[in-house]
1. Does HIS72 fit the bill of being more than 20 Å from GLY211 (Cβ to Cβ) and either among the polar types (S, T, N, Q) or within 19 Å of the chain's Cα centre (by Cα) (or both)?
2. When only residues in the range 207-222 that are in a loop (DSSP other than H, G, I, E, B) and at pLDDT 95 or above count, which is nearest to VAL112 (Cα to Cα)?
3. Quick one: what pairs do we get from the range 200-211, first residue under 17 Å from ARG274 (Cβ atoms), second of a type in the set (Val, Ile, Thr) and not in a strand (DSSP E or B), C-beta under 6 Å, 6+ apart or different chains?
4. Give just the number: which of (1) of a type outside the set (Ser, Thr, Tyr); (2) under 30 Å from GLN114 (Cβ atoms); (3) touching a Phe, Trp or Tyr at 6+ places or on another chain (Cβ under 7 Å); (4) in a loop (DSSP other than H, G, I, E, B) does CYS204 not satisfy?
5. Criterion first (in a helix (DSSP H, G or I) and either of a type outside the set (Asp, Glu) or in the same structural domain as LEU45 (by TED's automatic domain parsing) (or both)) does LEU183 satisfy it?
6. For the range 77-123, what are the residues that are of a type outside the set (Phe, Trp, Tyr), farther than 18 Å from ASP47 by Cβ and outside any loop (DSSP other than H, G, I, E, B)?
7. Out of curiosity, is ASP152 assigned to a helix (DSSP H, G or I), touching a residue at least 24 places away in the same chain (Cβ under 8 Å), charged (D, E, K, R) and under 27 Å from GLU71 (Cβ atoms)?
8. Of the residues VAL111, VAL55, which is surrounded by 17 or more Cβ atoms within 10 Å (Cβ to Cβ), within 21 Å of CYS204 (Cα to Cα), among the hydrophobic types (A, V, I, L, M, F, W, C) and at pLDDT below 95?
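The values are calculated or read from the model by the stated rules, or taken from the named source; none is laboratory data. All values derive from a computational prediction rather than experimental measurement. Note that each Cβ is placed from the backbone with ideal geometry, even for glycine, and that neighbours are counted across all protein chains shown.
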Amino acid sequence: MSDASAHPFESLTPQRVVEAVESLGFWLPGEPFALNSYENRVYSLTDDDRRRWVVKFYRPERWRDEQILEEHAFLGELAANDIPVGAPWVSESGETLHHHGGFRFSLFANVVGQAPELDNPAHLFALGELIGRVHEVAARQPFRHRPHFDVDRMVCESRERVLQARWLNARQRDVYARVIEALLPLLRDHAWPASALQRVHGDCHLGNMLGRDEQFALVDFDDCAMAPAVQDLWMLLTAQSPEEWQMQLSEVIEGYESSLEFDRRQLGWIETLRTLRLIRHSAWLTSRWDDPAFPRAFPYVADSGYWDQHIRHLEQQRILLDSPRWLA
């Protein structure tokens, strides 16, 4: 690249994407189609046999090779147990992580389908059943290289990133720092013991669950980690009333327990996990601002109003940590 300040992904042109995939022995008659991904760069493409693929180019310097390969090994383990996941393509030499033009990338068979409906009891049961099957395999051994959910580390790293951001004014910096300081002991008090950590998908939102006719698959294990099992369940609980929330929970847990028992004490960790996600999301946005895709997709981060709203949300979570919703 001629501009030393340009982000590495700026050099990932469609031609380079095609060249990388064709270096594996494929021939692509058409152009790759960019999918909605920001942390990595992900493209849909079709080969000359009309097979559809998804190729992921990993963000430079985010994961070490052994962390990516551990994710791939987990996916291979799940696929070997007939669990529907987006597993990586394996070359004749047994490789799942490939290199081309300074990028690391992997190829995945395309998973078709639509996102589930979280107000549909049958969909909730099916998702609980799927995640239970994933966790039954996941509990057999731990990750050695992937991250662990550690409250202190995750909060403190995120706090430093946000306080270094240039958009907060002096008042917002002071209030944000005080809110985090008040939250941290509450999060510690409502955190999990190390013995509760297991391998999880880590990011079970609607965009990572695809299927049809109550048959779903999990895709994009890029955030897989050692965390409590409830990390993969709480984002399915979206209701805004106690009755609807209990309905969702009942269906998800019933499906989950088709494979293994769920420890209901973990429900008390949901607000901790929700708070961590809020804190980490804003830190993630600020830490990725040198990537031109982020200012285009998230322009509101540079607006003072966003930070006022974020601080209000964190203050609301402080209240909820003292009185978790609807767990009776």
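1. yes
2. Out of the qualifying residues, it is VAL219.
3. So the pair list comes out empty.
4. Single failed check for CYS204: (3).
5. Yes, satisfied.
6. Listed by number, the residues that qualify are GLU77, LEU78, ALA79, ALA80, VAL85, HIS99, ARG104, GLN114, PRO121, ALA122, HIS123.
7. Criteria met by ASP152.
8. Working: VAL55 fails: at pLDDT below 95.
Result: VAL111 is the single residue among VAL111, VAL55 that is surrounded by 17 or more Cβ atoms within 10 Å (Cβ to Cβ), within 21 Å of CYS204 (Cα to Cα), among the hydrophobic types (A, V, I, L, M, F, W, C) and at pLDDT below 95.
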